[in-house]
Amino acid sequence: MASAGGSGGGGGGGAGEWLSFVVDASGEGCSGMFWRTKPEMSSTSSDASWPRNGTKLRGKYVKEHPGWVQFDNGFWLPVAQSGVTVTHELDASTLGRVCVEWGGWVGTGRWGAT
């Protein structure tokens, strides 16, 4: 899977540009990631619709918050947790492979919304 930049930074897209991401926290032994209400690890949301591994989402890097991605629902996820990438940026070379690995599109139903 494509990583969102080794340094937890901006990845392949420019800051503010909407990009495609997939959540995979399995390297941390997690089944997904809890949403964050702001770009801080301690700001966990109580929203029950947190993204499970394989969920594809639309988000963007925000220059003022390196190492974080803001999603179209207003919530945040870290690029990495404990040094392990959990929010992976997708590009044309990985998109089809990831869809097959995870069994298709999963998520909020807002995929591709403008």
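Observations, loosely collected:
- Pairwise label distance in nanometres, H65 with M41, each label 7 Å out on the Cα-Cβ vector: 1.6
- Computed over segment 19-102, Cα set: Rg, Dmax in Å: 12.0, 34
- Loop trypsin sites (Lys or Arg not before Pro), segment 25-91, which have at most 14 other Cβ atoms in a 10 Å radius of their Cβ (DSSP): K63
FYI, it's all coordinate maths here, none of it is from the lab. Please read these numbers as outputs of a predicted model, since none were measured by experiment. Positions of Cβ are backbone-derived with ideal geometry, glycine not excepted, and every protein chain shown enters the neighbour counts.
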